[in-house]
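**Q** To start, I am sharing the structure in question, which I have written as structure tokens.
The values are calculated or read from the model by the stated rules, or taken from the named source; none is laboratory data. The shown structure was predicted, so the numbers you read here are calculated from the model rather than taken from an experiment. When we count neighbours, we look across all protein chains shown, and the Cβ atoms used for this are built from the backbone with ideal geometry, even at glycine. These accessible areas exclude ligands, DNA and RNA; they are computed on the full protein's heavy atoms, side chains included. Shrake-Rupley method; radii C 1.70, N 1.55, O 1.52, S 1.80 Å.
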Amino acid sequence: MYDITIVGCGIIGASLAYQLSQYDLQVLVLEKENDIAMGTTKANSAIVHAGYDPEPGTLISRLNVRGAEMMEDLCRKLDVRYKRIGSLVLAFDEKDRKHLEKLYDNGIKNGVPGIRILSGEEAREMEPHLSQQVCAALYAPSAGIIDPWGLCIAEAETAVRNGVTLKLRNGVTGLEQREDSVVVHTESGDYETRYLVNCAGGWGHEICALTGETEWEAMPSRGEYYLLDKSSGSLVNHVIFQCPTAAGKGVLVTQTVHGNLLVGPNAVPVKSPYNRETSLDGLDAVAAASRKSVDGIDLRQSIRTFAGVRAVTSESDFIIRPARACPRMLHVAGIKSPGLSAAPAIAEYAAGILADMGVTLNQKANWDGTRTQIRFKELSQQEKAKLIAKDARYGRVICRCETITEGEIVAAIHSPIPPCSIDGIKRRAGAGMGRCQGGFCGPRVLDILARELATNPLDILQDGDGTTLLIGETKGGTKA
């Protein structure tokens, strides 16, 4: 029997697993996909929000500010890319200016450090490519950018290394309440646990419904993005927002920690978290909105478009509370934006609730909450030579766009949570992240995966289950 079972291994489930891994507990994480970070965690704005947007007194406001405070140190410990670059919320008219004052007041009440309102001229001194129509801006120096799937993977790997059990391809199909436990039925087996935590993201309402009671309505919202080449990455130096609306924080323009420029998202209600397609109308709307903020965005430099789905619900706040119909279940649901920013604080808060529910949190004596990762292109020439002398695979560049070596790819394959797909390698090592988006390195990554996993190349996936790339062999023996 497990002490705690977490359903879902996106950023929230992984953060909680990492938090709980420091205690003497038997923790199980169930994930329905073939890898972690497969939902909103891999398709979002990758922003650490400062915390001026949420209404004061809400869980969102409290956990956003706390999470932003925790993020830099957490990323340092786990060797995850993070940059505190600050953000600007733009005003284009008097109505927007008044909204900035409201956001400023929110920020002061929420404890956001260093925020101030700038004139249009002051904002353009900081960001020369801002539109001349900008008349004011709210500056928040504590905002940052991050590698969201990198943080999720780092936390989950570290949790596994500290004794947490992860089961992939284990979608939950039913719950059976007993006097002192819950039996969790999945597609791949049954697991008994003393406490259950619902971190299923966009599918959290479905896990809730398995208790026999519907506590909230799912209202998923799709956001579409452009990712531009690194040649556009220096166009802005801060995260550039427009004034938020009821639909969300609006279209932003920002650097990414990988050096690209990210533009988006819009907000389109959808029926399912699986509705992640992009649309011509949606991308056109994103393009028009972004050019209102920043002059000179060249969308011809786009190397990829994508969409993510927010876990919006009928409740305005985060849903972090024990289930009404299942006293041994804790809901950590409705974690919409700024969920990524709040993730470490959400985990800390949820662990406290679990303690109130009866979980004993005894600190492990030998817990190691750190992790390091080799990034070959960031090493000095001396360090590179030393590494290649030790392992020649680090001397073979597989991804030319990002200078990712075979050694890094092999290390990712043999990590605590081995990937089974080309995109799994992309999220861990970065191969395929560059200008050609895997056009050159994809076939070599496939070969390396098949070799290292002792798997038929025909079975190697692009990403999720069912995304095989090869369908057979030609008469000459060539894969097709």
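**Q** If only one of Leu210, Leu196 is hydrophobic (A, V, I, L, M, F, W, C), open to solvent by 20 Å² or more (accessible area, probe 1.4 Å) and within 22 Å of Leu16 (Cα to Cα), which one is it? Spell out how you get there, then give the answer.
**A** Details: Leu196 fails: open to solvent by 20 Å² or more (accessible area, probe 1.4 Å).
After ruling out the rest, the residue left standing is Leu210.
**Q** Inside segment 352-389, can you point out the residues that are touching a Ser or Thr at 6+ places or on another chain (Cβ under 8 Å) and part of a helix (DSSP H, G or I)?
**A** Within segment 352-389, Phe376, Lys377 meet the criteria.
**Q** Next question, about the same structure. On the basis of being among the charged types (D, E, K, R), more than 19 Å from the chain's Cα centre (by Cα) and closer than 30 Å to Ala136 by Cα, does Arg300 make the cut?
**A** Values: among the charged types (D, E, K, R): yes; more than 19 Å from the chain's Cα centre (by Cα): yes; closer than 30 Å to Ala136 by Cα: yes.
Judged against the criteria, Arg300 is a match.
**Q** Residue by residue through segment 392-418, note down the ones that are open to solvent by less than 20 Å² (accessible area, probe 1.4 Å) and either without any contact (Cβ under 8 Å) to a residue 12 or more places away in the chain or under 17 Å from Gly434 (Cβ atoms) (or both).
**A** Ile398, Cys399, Glu402, Ile404, Thr405, Glu406, Glu408, Ile409, Ala412
**Q** Only one of (1) open to solvent by 20 Å² or more (accessible area, probe 1.4 Å); (2) within 13 Å of Ala333 (Cα to Cα) is not met by Asn237, so which one is it?
**A** Here Asn237 meets the rest and fails (2).
**Q** Could I ask something else about it? Which of the residues that make up segment 421-438 are part of a loop (DSSP other than H, G, I, E, B) and either touching a Ser or Thr at 6+ places or on another chain (Cβ under 7 Å) or surrounded by fewer than 21 Cβ atoms within 10 Å (Cβ to Cβ) (or both)?
**A** So in segment 421-438, the residues part of a loop (DSSP other than H, G, I, E, B) come out as 430-438.
Within segment 421-438, Arg435, Cys436, Gln437 meet the criteria.
**Q** Give Ala14, Ala37, Ala50 a once-over and let me know the one that is under 16 Å from the mean Cα position of the chain (by Cα), closer than 22 Å to Gly308 by Cα, among the small types (Gly, Ala, Ser) and not in a helix (DSSP H, G or I). Even if it seems obvious, please write down each step before you answer.
**A** Values: Ala14 fails: not in a helix (DSSP H, G or I); Ala50 fails: under 16 Å from the mean Cα position of the chain (by Cα).
From the options Ala14, Ala37, Ala50, the qualifying one is Ala37.
**Q** Keeping to segment 283-324, report how many residues are in a helix (DSSP H, G or I), under 11 Å from Tyr226 (Cα atoms) and either open to solvent by less than 10 Å² (accessible area, probe 1.4 Å) or touching a residue at least 60 places away in the same chain (Cβ under 8 Å) (or both). If you could, list the steps in order and put the result at the bottom.
**A** Quick first cut of segment 283-324, residues in a helix (DSSP H, G or I) only: 283-293, 299-301.
With under 11 Å from Tyr226 (Cα atoms) added as a condition, the list becomes 283-284, 286-287, 290, 299-301.
Now restrict to residues that are either open to solvent by less than 10 Å² (accessible area, probe 1.4 Å) or touching a residue at least 60 places away in the same chain (Cβ under 8 Å) (or both): 286-287, 290, 299, 301.
Total satisfying the criteria: 5.
**Q** Mind counting the residues in segment 235-249 that are at pLDDT 95 or above and either among the basic types (Lys, Arg) or farther than 17 Å from Val134 by Cα (or both)?
**A** The qualifying residues number 0.
**Q** Is there a residue in segment 180-188 that is within 30 Å of Ile425 (Cα to Cα), open to solvent by 10 Å² or more (accessible area, probe 1.4 Å) and in a helix (DSSP H, G or I)?
**A** Looking for residues that are within 30 Å of Ile425 (Cα to Cα), open to solvent by 10 Å² or more (accessible area, probe 1.4 Å) and in a helix (DSSP H, G or I), one finds none in segment 180-188, hence no.
**Q** Filtering segment 90-126 down to residues that are basic (Lys, Arg) and assigned to a helix (DSSP H, G or I), which residue is surrounded by the fewest Cβ atoms within 10 Å (Cβ to Cβ)? It would help to see each step written out before you state the result.
**A** Residues of segment 90-126 basic (Lys, Arg): 95, 97-98, 102, 109, 116, 124.
With assigned to a helix (DSSP H, G or I) added as a condition, the list becomes 95, 97-98, 102, 109, 124.
On the way: Lys95: 9, Arg97: 17, Lys98: 12, Lys102: 13, Lys109: 13, Arg124: 16.
Among them, the one singled out is Lys95.
**Q** Scan segment 249-257 and give yes if some residue there is crowded, with 16+ Cβ neighbours inside 10 Å and touching a helix residue (DSSP H, G or I) at 6+ places or on another chain (Cβ under 6 Å), otherwise no.
**A** There is at least one residue in segment 249-257 that is crowded, with 16+ Cβ neighbours inside 10 Å and touching a helix residue (DSSP H, G or I) at 6+ places or on another chain (Cβ under 6 Å).
**Q** Select from segment 131-157 the residues that are touching a Ser or Thr at 6+ places or on another chain (Cβ under 7 Å) and either among the hydrophobic types (A, V, I, L, M, F, W, C) or outside any loop (DSSP other than H, G, I, E, B) (or both) and list them in ascending order. Before you say what the answer is, go through the steps one by one.
**A** So in segment 131-157, the residues touching a Ser or Thr at 6+ places or on another chain (Cβ under 7 Å) come out as 131, 136, 140, 143, 145, 148-149, 152, 155, 157.
Hits for segment 131-157 are Ala136, Ala140, Ala143, Ile145, Pro148, Trp149, Cys152, Glu155, Glu157.
**Q** In addition: Only residues in segment 330-341 that are within 13 Å of Gly51 (Cβ to Cβ) count as the first member; pair them with residues that are in a helix (DSSP H, G or I) and open to solvent by 10 Å² or more (accessible area, probe 1.4 Å), Cβ under 6 angstrom, at least 6 apart or cross-chain, and list the lot.
**A** Leu340/Ile11
**Q** Is there a residue being more than 30 Å from His129 (Cβ to Cβ), without any contact (Cβ under 8 Å) to a residue 24 or more places away in the chain and either among the aromatic types (Phe, Trp, Tyr) or not in a helix (DSSP H, G or I) (or both) anywhere in segment 208-215?
**A** Kept after step one, since they are more than 30 Å from His129 (Cβ to Cβ), are these residues of segment 208-215: 208-215.
Now restrict to residues that are without any contact (Cβ under 8 Å) to a residue 24 or more places away in the chain: 209, 214.
Retained after the next criterion (residues that are either among the aromatic types (Phe, Trp, Tyr) or not in a helix (DSSP H, G or I) (or both)): 214.
Looking through segment 208-215, at least one residue is more than 30 Å from His129 (Cβ to Cβ), without any contact (Cβ under 8 Å) to a residue 24 or more places away in the chain and either among the aromatic types (Phe, Trp, Tyr) or not in a helix (DSSP H, G or I) (or both).
**Q** Which of the residues spanning segment 10-59 are among the aromatic types (Phe, Trp, Tyr) and either within 30 Å of Val182 (Cα to Cα) or without any contact (Cβ under 8 Å) to a residue 40 or more places away in the chain (or both)?
**A** Here is the first cut: in segment 10-59, the residues among the aromatic types (Phe, Trp, Tyr) are 18, 23, 52.
Selection gives Tyr18, Tyr23.
**Q** Among the numbered conditions (1) part of a helix (DSSP H, G or I); (2) among the hydroxyl-bearing types (Ser, Thr, Tyr); (3) farther than 28 Å from His205 by Cα, tell me where Tyr349 comes up short.
**A** Answer for Tyr349: the failing condition is (3).
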